[in-house]
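Below is one structure, written out as structure tokens, with a few remarks after it.
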Amino acid sequence: MKTLITLNINGDAREIYIDARRSLLDILRDELALMGAHRGCDSGDCGACTVIVNGQPVTSCMMLAADWNGAEILTVEGMAKDGQLHPIQRALVEKGGIQCGFCTPGFVMNIKALLDENPKPTEAEARAWLAGNLCRCTGYAKIIEAVMSVAEESA
Amino acid sequence: MTDALIGQRVPKLDAPSKAAGKTIYGHDVRLPSMLHGRILYSRYAHAKIIRMDTSRAEKLRGVKCVLTPKDNPPHRFGYGKDNKPFKDIARSLRDEIAGVVATDADIAEEALSLIEVDYELLPNIFSPREALSEGALLIHPEHKSNLFQRYNYSHGDLAQGESESAVVVEEKFLLPYVSHVCMETSVVVAQFDHRDHLTLWSTTQIPFLLQRDLSEALGIPGSNVRIIQTAVGGAFGRGLDIYPYEPIAALMSRKTGQPVRVAFSREEEFLAGPARQPAEVTVRAGAKADGTLTFRDASCMLDIGAYVSWGTVTPLVMMETTASLYQVPHARFTADCVYTNNLITGAMRGYGNPQSTFFIETLMDRLAEALKMDPVNFRIMNANVPNSETPQGLVITSCGLKECLEAVAASADSARMNVYPERSRRNEGGRLVLSEVEGMTVTANIKPSPFNLQPPHIKRGIGFASTLNVGGGARIYRSDGCGATVKVDDFGHVTLVTGSTEIGQGSETALAQIVAQTLGVKIENITVLNSDTDIKPWDVGVHASRTTFIAGNAAYLAAVDARNQIFETAAQLLGVGVDQLSASAGQVTVRDEAGKSISLEQVARRRHFKEGGKVILGEGWYDPPTQLVDKDTYKGNISAAYGFGAQMAEVEVDIETGKVRVLRLACANDVGHAINPMAVEGQIEGGAQMGLGYALTEELIVKDGKVLNPDLLDYRLFTSADMPIIETRIIETDDPGGPFGAKGVGEMGGTPTAAAIANAIYDAVGVRMTQLPMTPERVLAALDEKEKRARV
């Protein structure tokens, strides 16, 4: 059965008929061709599909899209402005926080959520907040360094 | 020539696109009319398929076709030529027995459940010992034995070594299955075109070997196979082999005439992907009273599962650690690689080295203890040295092992202030704090609390381990070569086409730095193409920490060739000799004549646009001066350079729960010369994350051939909150054979970690952990055992 819903994604209203069984991640990737959110586990364990829904970071693989009619959704594609990377994205690039990059969009979104909530986290707070985002390449060191540098700059 | 770009912390060229979410990974490939394939795995670990009825599946709307063993080409494939796409005899629970192609993956999945299969059960063999026992059922009858291969290496005279020993130690070790856990699961898209040519969008690490493997598996010419590598969401050795799902996707595309995508779920990745071989190891080692090593004797039994892969060659590396890490006059190493009905195993970062470094470095610690020697001094006095040859035939050029040990010892001094404030080794001159250790990059700042604030059930300890790893390629195939071309276009832009592959490690950027440096252009003026077998020259694959050294040398040679062509034309245009020219800032300038120069762009245009004109196109092929090891003695110089490293772990052990917390991991690595220190640190820090998991949390729990924890909740990776302070220290030794002195570093970050932690646990609570991972249960059991022994 298909349901008509509207998702406000990165500022655009997207009206779409969806299969009620589909996750938000399915809709983003397969219906809207927003491939930045990645499917690493489909069970909410890895964080690669993290997007921000109504201001809250969520693992989009665990949300039924049909439940979010009218929601405001921010994905990694909505982070850059006027062709310029968001400071979080830039810091991850410059500090070496990206290797294979598959986890990166999830980190970008969860770091944004962290800094929105707590603009001056301690390193321990940042590490605890990001514990749901798995990375197999970097050992997290340079990702955390990037977070701390963005927090510093926004002073 | 200035070192403007070499040694700079250049951000990865591919990072901005990855940060923006615009990079196209294997999972993102979508083609017009693309269909979806799913695979049916065997219900039993060892069984003959006696009947299969696919009619109900075929009738499901949306199903395009069902493939079964009848669709197999007649050829076998894989490293041991023991595999087929679909099996009529299943030898493990991951054996593919049928496949469905449908318009979407859900329909394909549903169709799998409609396939009816009748099995005739065969006896299961889940232990290598049982597989080798007299009269055991043959898992591959055509192989005549369940022993796929026995490695038997020795040098010197063990009896002599033993007789010269003042101390001898022996230990048995048990090593677990672990998984690569690439964040992107396995995926492939296959398409046959109207010429019957196959294009495969793949995340492989070995595009050219895969081209050959697929041609064998499918019975089509290799020239009809094109591999396009997408961005790779993690590799770590997973992509070093052909796997059945790849020819299966190709067969699906051929049968339907449409492109077909096969993508693994996370559970499927754990169940059907390769794992690191579990092993049982017995090791003996000895030393003289003065601390000189006398001998080592290791024997290993590896469970390789139901099919052979390149992972079966990992004993070559375990052998290298046993025979050549430190100076060992007498050594023996044997390994049996045994077929069972367990999981398939494969190559994984370190390729045997995390295993062997764990057991060798644990015994090094026991020897130091038996000799009452300082563990660092004991290691330094036996360390490998520059310009030497090991009895195994490894020709060591540059070697910074001693310096690596000294660097982590300096870091240990500050750890000791926490661990043993009363007996710090080098604190006479005042308190040595971390930030004062020269050149140490501290990448976290969660400082351990002082020793005297710890409750009594928390015990602190420190431990050391070193590592030796190939750093100048590894000749395990007849060529260890890589090709490259460098083109300079009429805008002065440079395109490097390299055979090697970017798998996230940053090779693309390091190679661009090498070419930009050689041609005197900015890094922004370089484009790297490295993903299409129809375009790029041959390369054996991205493995064995070889890319910076091998592909770096090839790129350098191609850039020098291009520079020679540039200078040839520039010399004519400027009316000077070639030897008067140099290249920098996009210009060719005449030395000693200020202002006399010509831009690269002008040189290219003047060279192109004339009668009999030429392009600027340099080529390079680099195959290192190394040997395949002798097939009987296993001796030979497998690599053109060797990397070294040492780690110091500082741990806390909770004696009430058995939980081990690593507070600090100091890592020093001899990388020759760091082309890009930020990328080098990234390799070490990421390697450490895997090493920490191998040491403490990661294990595929396998019972009767079945993985019981195929998800990321129950298979525990280290998270950002679990990580200790990682201190990295780059030791530069400038290797004579490396591009700008560089050696490989990709695997060393995680190889000594488990041993360093095990040694630190011993230092803390006096128990020797010999089984990985060192879980709270196992630590607690070891503490109980120690207490029991103390009471007797």
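The values are calculated or read from the model by the stated rules, or taken from the named source; none is laboratory data. If you're wondering where the values come from, they're calculated on a predicted model, not measured in any experiment. Ideal geometry is used to build each Cβ from the backbone, glycine not excepted, and the neighbour counts take in all protein chains shown.
Just wondering, is there one or more residues in the range B:535-542 that are touching a Cys at 6+ places or on another chain (Cβ under 9 Å) and more than 25 Å from B:ILE684 (Cα to Cα)?
The answer is yes; a qualifying residue exists.
Restricting to the range B:683-741, give me the number of residues that are over 19 Å from the mean Cα position of the chain (by Cα) and hydrophobic (A, V, I, L, M, F, W, C).
Matching residues across the range B:683-741 total 14.
So which of B:LEU712, B:LEU692 ends up being closer than 30 Å to B:ILE675 by Cα and within 14 Å of chain A (Cβ to nearest Cβ)? First the steps, then the outcome.
Details: B:LEU712 fails: closer than 30 Å to B:ILE675 by Cα.
The unique qualifying residue is B:LEU692.
Scan (1) within 16 Å of the chain's Cα centre (by Cα); (2) surrounded by fewer than 19 Cβ atoms within 10 Å (Cβ to Cβ); (3) within 14 Å of chain B (Cβ to nearest Cβ) for the single condition A:ASN8 breaks and write down its number.
Of the numbered conditions (1) within 16 Å of the chain's Cα centre (by Cα); (2) surrounded by fewer than 19 Cβ atoms within 10 Å (Cβ to Cβ); (3) within 14 Å of chain B (Cβ to nearest Cβ), the odd one out for A:ASN8 is (3).
Considering only strands (runs of 3 or more DSSP E) fully contained in the range B:28-103, which possess at least 2 residues that are in contact (Cβ under 8 Å) with a residue 24 or more places away in the chain, farther than 22 Å from B:ALA217 by Cα and polar (S, T, N, Q)?
The strands (runs of 3 or more DSSP E) meeting that bar number zero.
I need every pair where a residue in the range B:128-149 that is surrounded by 14 or more Cβ atoms within 10 Å (Cβ to Cβ) has its Cβ under 7 Å from the Cβ of a residue that is among the aromatic types (Phe, Trp, Tyr), sequence separation at least 6 or different chains.
B:ALA131/B:TYR339; B:ILE139/B:TYR339; B:HIS140/B:TYR339; B:ASN146/B:TYR339; B:PHE148/B:TYR339
Which is more than 7 Å from every other protein chain (Cβ to nearest Cβ) and within 23 Å of A:ALA80 (Cα to Cα), of A:GLU117, A:GLU94, A:GLU125?
Result: A:GLU117 is the single residue among A:GLU117, A:GLU94, A:GLU125 that is more than 7 Å from every other protein chain (Cβ to nearest Cβ) and within 23 Å of A:ALA80 (Cα to Cα).
Please list, ordered by first then second residue, the pairs with beta carbon atoms under 6 Å, 6 or more apart or interchain, first in the range B:221-239 and within 14 Å of B:PHE192 (Cβ to Cβ), second part of a loop (DSSP other than H, G, I, E, B) and not hydroxyl-bearing (Ser, Thr, Tyr).
Listed pairs, sorted by first residue: B:ASN224/B:HIS197; B:ARG226/B:ASP534.
Hey, among the residues in the range B:30-45 that are hydrophobic (A, V, I, L, M, F, W, C) and crowded, with 21+ Cβ neighbours inside 10 Å, which one's farthest from the other protein chains (Cβ to nearest Cβ)?
Of everything passing the filter in the range B:30-45, B:ALA45 is farthest from the other protein chains (Cβ to nearest Cβ).
For the structure I just gave you, tell me whether A:THR59 is in contact (Cβ under 8 Å) with a residue 40 or more places away in the chain and surrounded by 22 or more Cβ atoms within 10 Å (Cβ to Cβ).
So A:THR59 passes the test.
Quickly run through the range A:128-155 and pick out the residues that are without any contact (Cβ under 8 Å) to a residue 12 or more places away in the chain and either among the basic types (Lys, Arg) or more than 8 Å from chain B (Cβ to nearest Cβ) (or both).
Within the range A:128-155, just A:GLU152 meets the criteria.
Within the range B:182-193, can you find the residues that are hydrophobic (A, V, I, L, M, F, W, C) and within 12 Å of chain A (Cβ to nearest Cβ)?
B:CYS182, B:MET183, B:VAL187, listed by residue number.
Is at least one residue of the range B:390-397 outside any helix (DSSP H, G or I), out of contact with any helix residue (DSSP H, G or I) (no Cβ under 8 Å at 6 or more places or on another chain), at pLDDT 95 or above and farther than 23 Å from B:ALA674 by Cα?
yes
If A:LEU28 meets every condition in (1) touching a helix residue (DSSP H, G or I) at 6+ places or on another chain (Cβ under 8 Å); (2) away from chain B (no Cβ under 13 Å) apart from one, which number is that one?
It fails just one condition, (2).
Residue-wise test of (1) facing chain B (nearest Cβ under 7 Å); (2) over 13 Å from A:LEU24 (Cβ atoms); (3) in contact (Cβ under 8 Å) with a residue 40 or more places away in the chain.
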residue	(1), (2), (3)
A:LEU74	no, no, yes
A:GLY78	no, yes, yes
A:ASP82	no, yes, no
A:ILE98	yes, yes, yes
A:CYS103	yes, yes, yes
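What number goes with the only condition from (1) part of a loop (DSSP other than H, G, I, E, B); (2) within 14 Å of chain A (Cβ to nearest Cβ) that B:LEU5 does not pass?
For B:LEU5, the exception is condition (2).
What are the pairs, 6+ residues apart or on separate chains, where a residue within the range B:646-675 that is touching a residue at least 24 places away in the same chain (Cβ under 8 Å) and within 12 Å of B:LEU405 (Cα to Cα) has its Cβ under 9 Å from a residue that is basic (Lys, Arg) and in a loop (DSSP other than H, G, I, E, B)?
Note: pairs meeting the criteria are B:ASP670/B:LYS743.
When the range A:110-155 is examined, which residues are found to be in contact with a Leu (Cβ under 6 Å, 6 or more places away or on another chain) and farther than 20 Å from A:VAL58 by Cβ?
If the condition is that a residue be in contact with a Leu (Cβ under 6 Å, 6 or more places away or on another chain) and farther than 20 Å from A:VAL58 by Cβ, then A:ALA146 is the only one that fits.
Mind listing whichever residues of the range B:695-709 are more than 14 Å from every other protein chain (Cβ to nearest Cβ) and either modelled with pLDDT under 95 or more than 26 Å from B:ILE761 (Cα to Cα) (or both)?
Scanning the range B:695-709 gives B:VAL702, B:LYS703, B:ASP704, B:GLY705, B:LYS706, B:VAL707, B:LEU708.
For the structure I just gave you, tell me whether A:THR138 is touching a Gly at 6+ places or on another chain (Cβ under 9 Å), at pLDDT 95 or above and within 21 Å of B:VAL680 (Cβ to Cβ). Step through it out loud before you land on a result.
On the way: touching a Gly at 6+ places or on another chain (Cβ under 9 Å): yes; at pLDDT 95 or above: yes; within 21 Å of B:VAL680 (Cβ to Cβ): yes.
Yes; evaluated as a whole, the condition is true for this residue.
List the residue pairs whose Cβ atoms are under 9 Å apart, where the first residue sits in the range B:699-715 and is touching a residue at least 12 places away in the same chain (Cβ under 8 Å), the second is assigned to a loop (DSSP other than H, G, I, E, B) and of a type in the set (Gly, Ala, Ser), and the two are 6 or more positions apart or on different chains.
Short answer, once both residue conditions are applied: B:ASP704/B:ALA45; B:GLY705/B:ALA45; B:GLY705/B:SER92; B:GLY705/B:ALA306; B:LYS706/B:ALA45; B:ASP711/A:SER43; B:LEU712/A:GLY40; B:LEU712/A:SER43.
Give me the strands (runs of 3 or more DSSP E) completely within the range B:451-517, filtered to those with at least 3 residues that are over 30 Å from B:GLY658 (Cβ atoms) and more than 20 Å from the chain's Cα centre (by Cα), ordered by residue number.
Values: elements: B:458-470, B:482-488, B:494-498.
Filter on the range B:451-517 gives B:482-488, B:494-498.
Filter the range B:339-361 down to the residues that are within 22 Å of the chain's Cα centre (by Cα) and not in a loop (DSSP other than H, G, I, E, B) and list them by number.
Looking only at the range B:339-361, we keep the residues that are within 22 Å of the chain's Cα centre (by Cα), and these are B:343-361.
Within the range B:339-361, B:THR345, B:ASN353, B:PRO354, B:GLN355, B:SER356, B:THR357, B:PHE358, B:PHE359, B:ILE360, B:GLU361 meet the criteria.
Could you check the range B:571-581 and list, in sequence order, the residues that are surrounded by 15 or more Cβ atoms within 10 Å (Cβ to Cβ) and under 45 Å from the mean Cα position of the chain (by Cα)?
Scanning the range B:571-581 gives B:GLN580, B:LEU581.
Checking A:ARG21 against (1) surrounded by 21 or more Cβ atoms within 10 Å (Cβ to Cβ); (2) within 12 Å of another protein chain (Cβ to nearest Cβ), which test does it fail?
Here A:ARG21 clears every test but (1).
Let me confirm something: among B:ASP157, B:ASP196, which residue is away from every other protein chain (no Cβ under 14 Å), modelled with pLDDT under 95, farther than 19 Å from B:SER356 by Cβ and out of contact with any Phe, Trp or Tyr (no Cβ under 6 Å at 6 or more places or on another chain)?
B:ASP196
So which residues in the range B:594-633 are in contact (Cβ under 8 Å) with a residue 12 or more places away in the chain, over 28 Å from B:GLY552 (Cβ atoms) and not assigned by TED's automatic domain parsing to the domain that holds B:HIS493, if there are any at all?
B:THR633, the sole residue that qualifies.
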